[in-house]
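Novice: Quick one: the structure is below, and I'll ask about it shortly.
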């Protein structure tokens, strides 16, 4: 079963991911790729509380995620690979083949401009998304399964 | 009752919190026991900051809709350095009414009683 979603979402584990995408896709695991979380047992425990018992939650830094990506792709259960920021997903995409990336939530912060209700980007982040797209990755924004898909060119 | 008297913060998706506060007000007129926060309005770190502000003003319990949503995650971060703070997930109107109207006691006992009320209020019937 292929990974059903490679998602950038700064809230990481939350309702839209676990319920919104997880339920209709029958997701059996989420791989949370984040260098900081992977190094913190406390952070991991925090996010474990956010997933139902039938869903497995893996933690990995980018290097470990690259090593385990093929295993996740061959898992019989549908899965989601989740990163909190563009840079993390871009670093992962440099190490493994990722066909599509979903921008699911990058929220307001100083220096960012609103692009969608749930997407705010700085100029550096825009350049980073374009650079990722230039490597052949299809990038679109969509917060929930029933929401409108906004392709990168429309997003920027 | 002034804003300083807020005892609980309700946090959830969409208009969940505002809707529950409105319902509490309609039933017993005690809406000002609660602050209502929508996670739609805040990034994760901002949500945590808003919760900290309410806790600093005296809120003892955070009520959230889902156990694993961003609201509950933010509350757990606040609890890390506010060990007296109590989190109730899966909150419903019955639980909130019990908290607003029930005998004043410590937050842990108040939360336990509210959870019992809320749990007992959920039922199903019919269908045959």
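Rule-based calculations on the coordinates, nothing more; no lab input. The model shown is predicted, which means the values in this text are computed figures rather than measured ones. Here the Cβ is made from the backbone with ideal geometry for all residues, glycine too, and neighbour counts use every protein chain on show.
Novice: Considering only residues that are more than 18 Å from residue B:31 (Cβ to Cβ), touching a strand residue (DSSP E or B) at 6+ places or on another chain (Cβ under 8 Å) and more than 12 Å from every other protein chain (Cβ to nearest Cβ), which ones fall in segment B:56-87?
Specialist: Hits for segment B:56-87 are B:85, B:86.
Novice: What's the number of the only condition in (1) within 11 Å of the chain's Cα centre (by Cα); (2) closer than 17 Å to residue B:6 by Cβ that residue B:93 fails to meet?
Specialist: Every listed condition holds for residue B:93 apart from (2).
Novice: Residue A:20 passes all but one of (1) more than 24 Å from residue B:41 (Cβ to Cβ); (2) more than 13 Å from the chain's Cα centre (by Cα); which number fails?
Specialist: (1)
Novice: Which residue is nearest to the chain's Cα centre (by Cα), if the candidates are limited to segment A:119-156 and must be part of a strand (DSSP E or B) and surrounded by fewer than 16 Cβ atoms within 10 Å (Cβ to Cβ)? Steps first, please.
Specialist: Filtering segment A:119-156 down to residues part of a strand (DSSP E or B) leaves A:119-121, A:138-141, A:150-151.
Narrowing the set further to residues that are surrounded by fewer than 16 Cβ atoms within 10 Å (Cβ to Cβ) leaves A:138, A:151.
On the way: A:138: 14, A:151: 16 Å.
Per the stated criteria, the residue is A:138.
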